[in-house]
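The values are calculated or read from the model by the stated rules, or taken from the named source; none is laboratory data. These figures come from a predicted structure and were not determined experimentally. Glycine gets a Cβ as well: all are built from the backbone with ideal geometry, and neighbour counts include every protein chain shown.
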Amino acid sequence: MPEAEMMKGTTTIGIVFRDGVVLATEKRATMGYMIASKRAKKVYQIADRIGMTTAGGVGDAQQLARIMTVECRLFAIRRGKPITVGAASTLLSNYLNQNRYFPFYVQLLVGGVDRTGPSVYSVDAMGGATREDDIVATGSGSPMAYGVLEDRYRKDMDEEEAVFLAVRALRSAMRRDAGSGEGVHVVVITRDRYEELSEESVQKIEAARAA
C-alpha cells in the first residue's frame with residue numbers, strides 16, 4: 001500500500017454560527033506510530049461557498065476532494081446556479097455508497113452557506129449523510145473535541161466566538177490524541193466569502209478572547 005494511503009489519525013470540526021460556518025482541523029498526519037507529515041491539508045474548497053474536511057486515508061481524501069470540486073463545477077455549469085450544501089453532501093454520499101465494497105477509508109464534513117443559510121453535513125465511508133444543526137467533530141480526536149464543543153456551544157454565536165471555540169476544541173484534542181497535532185487550519189464561510197484564516201489571525205482571536 002502506498003505510504004500516503006496509510007496516513008491517518010486526525011481531528012476535524014464543523015460549527016454553525018449566526019452568519020455562517022467554521023471548519024477547522026489540525027495538521028498532523030500519522031502512519032502507525034510515526035508522524036508522517038506536520039503540514040497535512042485537511043480542509044478543501046469544493047465550491048465557492050462550500051468546504052470539505054477530511055479524516056482517514058490521505059490518498060482517498062485527496063481523490064474525493066478532486067472529484068467533488070469537478071462535480072460541483074459541473075453542477076453550476078449545467079444548472080446555471082451554485083450547488084447547495086445539501087446537494088453536495090448527497091452527491092458525495094451517493095459516490096461513497098456506490099463504492100462500499102471497495103470503500104474509501106474516510107469520514108468527511110461538508111459545510112458552507114447557500115440560499116437556505118449555513119449548514120454542515122457529516123458523511124461516513126459507507127455513504128451515510130447526516131445534517132448537523134450546530135456542532136460536529138470527526139476523527140480520532142473527536143471525543144476530546146466534543147467535550148469542549150458541547151460544553152461551550154451556543155446557537156447565537158458570532159464569527160469570532162465560533163472560531164475561538166473551534167480552536168479551543170482542537171487544542172484539547174491535540175493535547176490528548178496522538179493522531180492530532182502540529183497547529184490548526186481554520187476556514188470561515190459566510191454568504192460573502194470563503195476565507196482560510198492565517199495563523200496570525202487565529203492567534204489574535206485566541207489572545208483577545210482569553211484576555
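Just give me the residues in the range 16-48 being part of a loop (DSSP other than H, G, I, E, B), surrounded by 17 or more Cβ atoms within 10 Å (Cβ to Cβ) and touching a Lys or Arg at 6+ places or on another chain (Cβ under 7 Å), in sequence order.
Selection gives Lys27, Arg28, Ala40.
Counting just the residues of the range 183-211 that are in contact with a Leu (Cβ under 6 Å, 6 or more places away or on another chain) and under 16 Å from Ser172 (Cα atoms), which one comes out modelled with the lowest pLDDT? If you could, list the steps in order and put the result at the bottom.
In the first step, residues of the range 183-211 are kept if they are in contact with a Leu (Cβ under 6 Å, 6 or more places away or on another chain); the result is 184, 186-187.
Okay, now just the ones that are also under 16 Å from Ser172 (Cα atoms), so 184, 186.
Values: Val184: 93, Val186: 97.
My answer is Val184.
Would you confirm whether or not the range 160-181 contains a residue that is under 24 Å from Arg49 (Cα atoms), in contact with a strand residue (DSSP E or B) (Cβ under 9 Å, 6 or more places away or on another chain) and assigned to a loop (DSSP other than H, G, I, E, B)?
Looking for residues that are under 24 Å from Arg49 (Cα atoms), in contact with a strand residue (DSSP E or B) (Cβ under 9 Å, 6 or more places away or on another chain) and assigned to a loop (DSSP other than H, G, I, E, B), one finds none in the range 160-181, hence no.
Thr53 - would you say it is over 15 Å from the mean Cα position of the chain (by Cα), in a strand (DSSP E or B) and either among the β-branched types (Val, Ile, Thr) or crowded, with 20+ Cβ neighbours inside 10 Å (or both)?
Working: over 15 Å from the mean Cα position of the chain (by Cα): no; in a strand (DSSP E or B): yes; either among the β-branched types (Val, Ile, Thr) or crowded, with 20+ Cβ neighbours inside 10 Å (or both): yes.
Against the criterion (over 15 Å from the mean Cα position of the chain (by Cα), in a strand (DSSP E or B) and either among the β-branched types (Val, Ile, Thr) or crowded, with 20+ Cβ neighbours inside 10 Å (or both)), Thr53 does not qualify.
Can you pull out the residues in the range 131-147 that are more than 14 Å from the chain's Cα centre (by Cα) and not aromatic (Phe, Trp, Tyr)? Show your work before the answer.
Pass one, the range 131-147, residues more than 14 Å from the chain's Cα centre (by Cα): 133, 143-144, 146-147.
Within the range 131-147, Asp133, Pro143, Met144, Gly147 meet the criteria.
Based on what the data block shows, is Ala87 without any contact (Cβ under 8 Å) to a residue 24 or more places away in the chain and surrounded by fewer than 19 Cβ atoms within 10 Å (Cβ to Cβ)?
Numbers: without any contact (Cβ under 8 Å) to a residue 24 or more places away in the chain: yes; surrounded by fewer than 19 Cβ atoms within 10 Å (Cβ to Cβ): yes.
Against the criterion (without any contact (Cβ under 8 Å) to a residue 24 or more places away in the chain and surrounded by fewer than 19 Cβ atoms within 10 Å (Cβ to Cβ)), Ala87 qualifies.
This table checks each residue for (1) part of a loop (DSSP other than H, G, I, E, B); (2) within 15 Å of Gly14 (Cα to Cα); (3) within 15 Å of the chain's Cα centre (by Cα).
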| site | (1), (2), (3) |
| --- | --- |
| Leu92 | no, no, yes |
| Arg100 | yes, no, no |
| Val110 | no, yes, yes |
| Gly127 | yes, no, no |
| Asp156 | yes, no, no |
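Is there a residue being surrounded by 24 or more Cβ atoms within 10 Å (Cβ to Cβ) and assigned to a helix (DSSP H, G or I) anywhere in the range 76-84? Spell out how you get there, then give the answer.
Step one: list which residues in the range 76-84 are surrounded by 24 or more Cβ atoms within 10 Å (Cβ to Cβ), which gives 83.
Still in the running and assigned to a helix (DSSP H, G or I): none.
Scanning the range 76-84 turns up no residue that is surrounded by 24 or more Cβ atoms within 10 Å (Cβ to Cβ) and assigned to a helix (DSSP H, G or I).
How many residues are surrounded by fewer than 16 Cβ atoms within 10 Å (Cβ to Cβ) and either in contact (Cβ under 8 Å) with a residue 60 or more places away in the chain or at positive phi (or both) when one looks only at the range 126-150? Walk me through it before giving the result.
Going through the range 126-150, the residues surrounded by fewer than 16 Cβ atoms within 10 Å (Cβ to Cβ) turn out to be 126, 128, 130-131, 133-134, 143, 147, 150.
Remaining after also requiring either in contact (Cβ under 8 Å) with a residue 60 or more places away in the chain or at positive phi (or both): 133-134.
Counting residues in the range 126-150 that are surrounded by fewer than 16 Cβ atoms within 10 Å (Cβ to Cβ) and either in contact (Cβ under 8 Å) with a residue 60 or more places away in the chain or at positive phi (or both) gives 2.
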